[in-house]
Amino acid sequence: MTVTTVTPLTGLTSAEAAARLARDGANLLPQKPPVPLWRRIATQLRDPLIIVLLIAAVLTVTTGDWADATVIMLVIVVNTTVGVVQEIRADRAITALAQLASPEARVVRDGRQQQIPSSDVVVGDLLVLAEGDIVPADAEVREAAALLVDESALTGESVPVDKPAGEPLSSGTVVVRGRGRAVVTATGAASASGRIASLMVKSTGLTPLQRRLMGVGRLLAGVAVLLSAVVLALGLVRGQPVQLMVITAISLVVAAVPESLPAVVTLSLALGARRMAARNALVRKLPAVETLGSVTALATDKTGTLTEGTMVARRLWTPSAQATLTGTGYAPEGRITSEAAPDAFTALLTAAMLCNDARLAPPQAPSDEPPAPGTREPAAPSSAESPTPASAKSAAPDSGEWVALGDPTEAALLAAAAKLGLDRRDVQARFPRLAELPFDSGRKRMSTLHRLPGGGVRLICKGAPEALLRHPVLIDEPDLLARAAAQADRFAQDGYRVLAVASTDLDDVPATLQESGLSLLGLIAILDPPRPAAATAVADCKRAGIRPILITGDHPGTARAIAIELGIIADGDPVVDCREPGALDRNRAQDQDRDGEQNRARDREQGGVQAAVYARATPEQKLDIIQRLQEQGGILAMTGDGVNDGPALRRADIGVAMGRRGTEVARQAADLVLADDNLDTVVAAVEEGRRVYANIRRFLVYGLSGGAAEIAVMLLGPFVGLPLPLLPAQILWINLLTHGLPGVALGGEPTVPGAMADPPRPPGQSILGAGLWQRVLRIAVVLTAVTLGVAVWAAATGRPWQSMAFFALGATQLGVALGSRTRPGSLANPMLLFAVAGAFVLQLAALYVPPLRQLLGTQPLTAGDLLIVTALSVLGYAAARLDRILHPSPRPTPAVPPAPGP
């Protein structure tokens with residue numbers, strides 16, 4: 001084994017390390033201070049409708065209406081409590097997921113190795129690194145033995161990087177093969193992870209739902225105050241007592257504002273969060289549920305998000321045959337499909353299995369098998385508790401998946417050979433290893449020498465095509481080398497990592513291994529394959545009108561191949577290489593030239609985006625891309641799992657992090673954490689968000705039409721001979737019953753069938769848009785007509801007209817609640833049925849229970865009168881159902897242009 005050393009390494013003394021720790025602080029990423037309880041409560045109370053309710057509560061207290069003030073304050077307290085509890089629970093669960101930082105590190109201090117908490121690592125410490133270790137701080141390699149590091153969490157590159165002496169190491173990266181020693185150069189906030197974490201600065205902005213509700217709150221407050229003032233003026237003109245009319249005006253303000261709306265919103269979001277938790281999605285902020293329902297574009301990382309985070313051999317090429325391999329992960333399961341016989345690839349895969357230091361561990365069984373004779377045993381992890389760290393992009397041995405121990409690329413070769421039926425132990429026993437030249441970045445190849453069963457030895461070499469496909473390494477004919485080079489280029493353009501394998505037989509062990517005079521066995525094309533569910537998730541997004549966008553730090557060819565395979569782009573569509581100078585600016589200029597001013601205005605209004613794939617993006621460039629997409633007016637969700645994704649996750653309208661493979665930086669930056677790393681869960685969350693939004697609009701139709709009818713009855717009553725149609729107490733009672741439990745229960749309605757077949761609503765659309773306010777007015781007209789009609793007829797026939805109007809208005813509104821159901825005639829959302837039934841009973845009690853009659857100023861109705869009014873209240877149900885049939889809600893205009901590709 002070749003070992004390179006730069007300088008003698010002795011490490012620090014304990015005293016010197018303690019002094020540096022005191023000077024520089026602990027090796028920890030910048031931590032946000034815990035949010036105090038008072039700030040969480042204040043955040044909840046900033047909701048616009050909560051502010052309106054607080055004002056209404058003050059007004060009711062000033063008039064001595066303690067009962068209604070109590071109800072309003074109860075709504076505020078419940079809403080605030082639910083929101084605060086959800087945030088605290090989510091923060092605790094996120095803390096429990098924290099697994100990125102290595103709990104311990106091995107350093108040399110006082111001349112001997114010690115195991116210390118990674119938080120105690122200081123600049124100048126000598127790290128001792130082995131396979132499976134997470135690098136605890138930035139460092140410079142001083143000694144390396146086949147050291148290979150997975151940097152995907154930082155860079156997005158799916159292929160591990162060789163780290164010879166003199167190369168830098170970044171904190172949070174993972175040693176996947178070999179061993180080494182390195183001197184720490186930066187810790188904590190000064191490290192690579194710390195610098196990226198410092199980019200995660202995001203001002204607290206309003207979510208789309210909060211912005212829409214703020215507009216509704218202002219509108220309702222203004223209209224309610226204006227119309228109540230008109231009622232007050234009309235009453236005073238007719239000679240009504242001033243105190244009575246003031247109380248009536250305040251009652252109308254309270255009635256016009258649907259005080260149950262915050263409770264409906266909170267309940268809908270909480271139910272959505274609970275459903276998401278049952279599907280392994282942890283919601284950190286309740287508004288994130290609805291925000292997902294608003295997204296117009298879904299930007300996603302590649303490695304570990306769209307792909308499995310594993311390496312799989314997909315294509316084989318020999319001078320005489322080609323083959324395609326199936327299967328996923330490191331499991332030795334799959335087929336080799338080729339027109340040639342499988343034996344045509346035996347020599348190639350046998351050589352790849354021999355020139356290999358990786359191992360595969362089966363599910364539910366840690367790898368305790370001894371190394372094959374003549375092979376090098378990979379170095380043991382630094383901590384028995386973490387042999388395969390979460391950030392290593394491979395499953396733990398007890399996860400039910402096959403695990404790669406060593407270089408993931410070499411593990412992919414073992415899995416490919418196993419698919420041909422080759423057994424590693426048998427092959428390595430028949431061809432024991434005698435010597436080796438480890439891989440290094442200068443030679444770009446690895447060679448091993450093996451004893452042949454019949455005598456003699458075999459030299460096997462594998463490595464980059466450009467390092468092997470040339471003389472004097474190979475002695476094949478120039479035509480064959482040219483064909484192999486051309487095929488390697490085609491594989492590379494398709495996004496594969498290509499390895500060439502060659503061998504030669506010798507009579508005896510040479511004095512020195514010379515990588516020359518070999519014959520080409522073939523090429524192996526390796527890829528980090530897409531997740532099986534990723535293509536379905538992308539297709540579901542497109543059907544829902546959501547534009548998928550790939551933003552990765554990986555190679556453009558790899559990004560293109562994955563994007564085409566998943567249907568994000570079509571073959572021939574451009575890919576933006578962010579490392580090219582001015583690439584992002586050129587892409588923006590091309591978009592502007594192509595679209596023109598009119599289409600650019602459309603993009604800003606509807607959230608349109610143009611480029612679909614960005615490759616080789618740095619964390620800073622990801623932020624720039626996210627910002628540019630947001631400038632076009634869309635609602636953007638971003639998924640990711642690496643440290644390099646953290647700033648973009650924080651900047652996006654909603655960040656979605658992977659819980660199992662994701663890093664702690666990504667989880668802390670996200671609004672939603674997928675505990676199962678399943679991208680399908682994002683699509684389910686989008687559907688859940690649309691359900692929440694639809695239920696909020698459903699409640700607004702119900703609540704606002706009732707409030708509008710109450711104001712209309714008070715305004716029009718005097719013109720039809722009814723001096724004061726309803727008393728203040730009666731208005732508040734109706735408001736309490738209708739906006740109470742029935743209104744809140746509407747928030748539990750199931751998803752509208754076909755919700756995911758429609759495009760997302762335009763980002764600039766009001767919550768009262770898409771025909772909602774017209775529906776409110778049409779239903780309010782029916783409620784007003786029924787109430788005034790009953791009152792006028794009752795007054796003309798000598799009946800207790802005010803009590804009949806009171807009962808008619810309340811019962812008809814309850815009919816609207818039943819007519820607003822998603823699935824009428826079913827037992828879906830039984831809470832609404834119980835709530836309406838309970839409210840109807842209380843409405844009856846207001847007529848027949850003496851204390852309530854005295855409080856509300858009502859009179860009992862005869863059985864005949866009660867039956868007449870109850871029958872007429874069915875018109876509320878009919879109005880709600882017929883309005884949906886005669887005036888269906890218009891389908892949203894697509895917020896993004898149709899995505900290219902299938």
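The values are calculated or read from the model by the stated rules, or taken from the named source; none is laboratory data. The shown structure was predicted, so the numbers you read here are calculated from the model rather than taken from an experiment. Every residue, glycine as well, gets a Cβ built from its backbone with ideal geometry; the counts of neighbours run over all protein chains shown.
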Would you check which residues across the stretch 506-522 are among the acidic types (Asp, Glu) and surrounded by 13 or more Cβ atoms within 10 Å (Cβ to Cβ) and list them? Glu515
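Condition first: farther than 30 Å from Pro851 by Cβ and assigned to a helix (DSSP H, G or I). Now tell me which residues in the stretch 719-733 satisfy that.
Phe719, Val720
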List the number of the failed condition for Ala361; all other conditions in (1) within 29 Å of Glu515 (Cβ to Cβ); (2) in contact with a strand residue (DSSP E or B) (Cβ under 7 Å, 6 or more places away or on another chain); (3) among the hydrophobic types (A, V, I, L, M, F, W, C); (4) at pLDDT below 90 hold. (1)
Flag if Ala535 is in contact (Cβ under 8 Å) with a residue 24 or more places away in the chain, crowded, with 18+ Cβ neighbours inside 10 Å and among the aliphatic types (A, V, I, L, M): no
Could you identify the single residue in Ala384, Ala351, Ala396 that is on the phi < 0 side of the Ramachandran plot and modelled with pLDDT of 50 or more? Ala351
So, in the stretch 534-569, how many residues would count as being over 30 Å from Met353 (Cα atoms), of a type in the set (A, V, I, L, M) and either assigned to a helix (DSSP H, G or I) or at pLDDT below 85 (or both)? 9
Where the second residue is among the charged types (D, E, K, R) and modelled with pLDDT under 90 and the first is in the same structural domain as Thr303 (by TED's automatic domain parsing) and part of a strand (DSSP E or B) and lies in the stretch 320-336, which pairs have Cβ atoms under 9 Å and are six or more apart or on separate chains? none
Looking at the stretch 424-441, can you tell me whether even one residue there is in contact with a His (Cβ under 8 Å, 6 or more places away or on another chain), in a strand (DSSP E or B) and crowded, with 17+ Cβ neighbours inside 10 Å? yes
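What number of residues in the stretch 423-454 are over 44 Å from the mean Cα position of the chain (by Cα) and in contact (Cβ under 8 Å) with a residue 12 or more places away in the chain?
So the count comes out to 17.
Of everything in the stretch 740-792, what is hydroxyl-bearing (Ser, Thr, Tyr) and either out of contact with any helix residue (DSSP H, G or I) (no Cβ under 8 Å at 6 or more places or on another chain) or assigned to a loop (DSSP other than H, G, I, E, B) (or both)? Give them in sequence order.
Step one: list which residues in the stretch 740-792 are hydroxyl-bearing (Ser, Thr, Tyr), which gives 751, 766, 784, 787.
Hits for the stretch 740-792 are Thr751, Ser766.
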What number of residues within the stretch 611-624 satisfy the criterion of being under 11 Å from Thr552 (Cα atoms) and in a helix (DSSP H, G or I)? 3
Would you mind finding the one in Leu449, Leu480 that is more than 28 Å from Val175 (Cα to Cα) and surrounded by 14 or more Cβ atoms within 10 Å (Cβ to Cβ)? Leu480
Part of a helix (DSSP H, G or I) and either modelled with pLDDT of 90 or more or surrounded by fewer than 22 Cβ atoms within 10 Å (Cβ to Cβ) (or both): does that describe Ala525? no
Conditions first: (1) out of contact with any strand residue (DSSP E or B) (no Cβ under 7 Å at 6 or more places or on another chain); (2) among the charged types (D, E, K, R); (3) part of a loop (DSSP other than H, G, I, E, B). Glu515 passes all but one, so which condition is the exception? (1)
